[in-house]
Amino acid sequence: MKQPVFSGSGVAIITPFTNDGIDYPALARLLDFQLENGTDAIIVCGTTGEAAAMSYEERVRAIEAVVRHVDGRVPVIAGTGSNNTENAITLSRDASSAGVDALLVVTPFYNKATPKGLIRHYTAVADTVEKPVILYHVPSRTGVKCTAEIYAALAEHPNIVGVKEAGGDLALVQKTRELCPEDFYIWSGNDDETAPIMLFGGKGVISVAANVMPGEMHRLTEACLKEDFVTAGRMQLELRKLCEALFWEVNPIPVKTALAMMGYCQERFRSPMCEMEPENRERLAGVLAEYGLI
């Protein structure tokens, strides 16, 4: 039986930048903040990490730096997806060599593969690595929608262990749970759906909000894992305003802005990402103040 890579709250960590590249001291501070507050896994070079705007070499160096700093204390998962299968294979191999615990592979964007093409793509990646592979379904970003039937076919591969489900479709989550084996695990990809997805058997969340409130996201998932959904539901509602604010503009603009306000990084983005609109920035500061974060 395949084992879950992690249970609980995994942070989709931002990548802090300077004018010259990755801000490694800031990255170390962010990692320490996560580890000190109970985060159960670190996901590096995902959507929230602006990986699509980083060079290949930067992505590899960022992955290596996170693996080195975390030093086995929690699992490290690297985003290695691409719309080009060979590129996804190469980055997955390099991330594996860097010592990550698992790979997060987004559906190939722009090309809009058919179900057969998606299955071939993921099978090709999983065939060439020994690390567990987590599928990443985020149709709002990629224009590609997966089905429970696609998941069921991919679940047969010994290296494919589950999916980060960010499709916003709870019916798909339920059907996936019905069609797929017990050892095909589901992680919420949307903070505001963490408790509902875990109610349907999800193992946790790969979270944006955990960047700023790691302890709270850990405790929310902990309550779900203990099947205390009354407490989890209350905590989910308490986090609603923050989760909403972090998506007033395209992720990761609000969450990186929030972390800059909290003193953890510079407010620098990779084009085409840009600074937050002034009115939204002011509103975000108000929400952070309500939660005692600034």
Scanning region 1-49 residue by residue, the ones that are on the phi > 0 side of the Ramachandran plot and surrounded by 22 or more Cβ atoms within 10 Å (Cβ to Cβ) total 2
Going through region 6-36 in order, the residues found to be among the charged types (D, E, K, R) and under 30 Å from residue 202 (Cα atoms) are 29, 32, 36
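Is it true that residue 123 is open to solvent by 10 Å² or more (accessible area, probe 1.4 Å), of a type in the set (Val, Ile, Thr), touching a residue at least 24 places away in the same chain (Cβ under 8 Å) and touching a Lys or Arg at 6+ places or on another chain (Cβ under 8 Å)? Give the derivation first.
Values: open to solvent by 10 Å² or more (accessible area, probe 1.4 Å): yes; of a type in the set (Val, Ile, Thr): yes; touching a residue at least 24 places away in the same chain (Cβ under 8 Å): yes; touching a Lys or Arg at 6+ places or on another chain (Cβ under 8 Å): no.
So residue 123 fails the test.
If the requirement is being within 15 Å of the chain's Cα centre (by Cα) and of a type in the set (Asp, Glu), which of these qualifies: 50, 64? Outline the logic, then answer.
On the way: 64 fails: within 15 Å of the chain's Cα centre (by Cα).
So the residue among 50, 64 that is within 15 Å of the chain's Cα centre (by Cα) and of a type in the set (Asp, Glu) is 50.
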Kindly establish whether residue 255 is in contact (Cβ under 8 Å) with a residue 60 or more places away in the chain, outside any loop (DSSP other than H, G, I, E, B) and either farther than 26 Å from residue 17 by Cβ or among the hydrophobic types (A, V, I, L, M, F, W, C) (or both). yes
Per the filter on region 57-87, residues assigned to a loop (DSSP other than H, G, I, E, B) and closer than 14 Å to residue 43 by Cβ are 74, 75, 80, 81
For region 1-26, pairs from a residue that is over 20 Å from residue 69 (Cβ atoms) to a residue that is modelled with pLDDT of 95 or more and among the β-branched types (Val, Ile, Thr), with Cβ under 8 Å and 6 or more apart or across chains, are 2/161; 3/161; 4/161; 7/221
Taking region 106-134 and keeping only residues that are in contact with a strand residue (DSSP E or B) (Cβ under 8 Å, 6 or more places away or on another chain) and part of a helix (DSSP H, G or I), one is left with 122, 125, 126
Within region 81-111, of all residues that are of a type in the set (S, T, N, Q) and under 26 Å from residue 3 (Cβ atoms), the one surrounded by the fewest Cβ atoms within 10 Å (Cβ to Cβ) is 97
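Output the residue which, of all residues in region 88-105 that are among the aliphatic types (A, V, I, L, M) and closer than 9 Å to residue 131 by Cα, is farthest from the chain's Cα centre (by Cα). Reasoning before the result, please.
If we filter region 88-105 for residues that are among the aliphatic types (A, V, I, L, M), which is where we start, we get 88-89, 91, 95, 98, 100, 102-105.
In the following step, the residues that additionally are closer than 9 Å to residue 131 by Cα were identified as 100, 102-103.
Numbers: 100: 15, 102: 12, 103: 11 Å.
Checking each candidate, the answer is 100.
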Output for Cβ contacts, cut-off 9 Å, separation at least six or different chains, first residue among the polar types (S, T, N, Q) in region 28-47, second at pLDDT below 95 and open to solvent by 40 Å² or more (accessible area, probe 1.4 Å), reads 47/141
Only one of (1) surrounded by fewer than 18 Cβ atoms within 10 Å (Cβ to Cβ); (2) part of a loop (DSSP other than H, G, I, E, B) does not apply to residue 264, and that is (1)
Expected output for region 266-287 (first residue under 23 Å from residue 49 (Cβ atoms), partner aliphatic (A, V, I, L, M) and open to solvent by 100 Å² or more (accessible area, probe 1.4 Å), Cβ below 9 Å, 6+ apart or cross-chain) is 270/52
Check: Going by the structure shown, is residue 93 out of contact with any strand residue (DSSP E or B) (no Cβ under 7 Å at 6 or more places or on another chain), in a helix (DSSP H, G or I), charged (D, E, K, R) and under 27 Å from residue 18 (Cα atoms)?
Finding: no
Does residue 100 satisfy the criteria of being aliphatic (A, V, I, L, M) and assigned to a loop (DSSP other than H, G, I, E, B)?
yes
Going through region 168-192 in order, the residues found to be touching a strand residue (DSSP E or B) at 6+ places or on another chain (Cβ under 8 Å), closer than 18 Å to residue 154 by Cβ and not β-branched (Val, Ile, Thr) are 172, 177, 183, 184, 185, 187, 189
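The values are calculated or read from the model by the stated rules, or taken from the named source; none is laboratory data. From a predicted model like this one, the values you see are computed outputs, not experimental measurements. All Cβ positions, even for glycine, are placed from backbone atoms using ideal geometry, and neighbour counts span all protein chains on display. Ligands, DNA and RNA are excluded from the accessible area calculation, which covers all protein heavy atoms including side chains. Shrake-Rupley method; radii C 1.70, N 1.55, O 1.52, S 1.80 Å.
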